[in-house]
Amino acid sequence: MYIERKKQKDLTEIFKDTDILYINGIRQCGKSTLAMDFADKHGFTYLSFDSPALFTSAKTDPQSFIHSIQSNIVLDEIQRVPEIFRYLKILVDNQRRLPKDKRIKILLTGSANILLLPTLADSLVGRMMILFLYP
């Protein structure tokens, strides 16, 4: 049985101010469940890098993978494909000319603290909000 978390309402509010939100937390704390529920309720496409085909596609050609995003999306287990962070930055920068309601919103989840990985964190500084999820 799924019990809606208080954070569910926070996600909707956060996306009013940002195009990318990263949900960070330890393994098995409910990140993926929260993201899937949010995706279902708000019309986001849910993709998980636990899928071997999706993982290979994003890892092999991260630029094409990001260019293929046409609507609001959840990318679960993002720490598995750090190569796409640079292309997420480009996507967000290119969208800045659009009105906020026309921009693609991206919800990322992962267990790695990207703030400790300078090359990843630097690419999205000022472009992404981070929400820490606790069990």
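The values are calculated or read from the model by the stated rules, or taken from the named source; none is laboratory data. This structure is a prediction, so every number in the text was calculated from the model and none was measured. Accessible surface areas use protein heavy atoms only, side chains included; no ligands, DNA or RNA. Shrake-Rupley method; radii C 1.70, N 1.55, O 1.52, S 1.80 Å.
For 97, 86, 127, what's the largest-to-smallest order of accessible area, 1.4 Å probe?
Largest to smallest exposure gives the sequence 97, 86, 127.
Let a ≥ b ≥ c be the square roots of the eigenvalues of the Cα gyration tensor of segment 41-107; is it rounded (a/c under 1.5), or, if not, prolate (a/b larger than b/c) or oblate?
Oblate is the answer for segment 41-107, as a/c is 1.5 or above yet b/c matches or exceeds a/b.
Given H placed on each backbone N at 1.01 Å, which residues far from residue 23 in sequence or on other chains put an amide H within less than 5 Å of it?
108, 109, 110, 131
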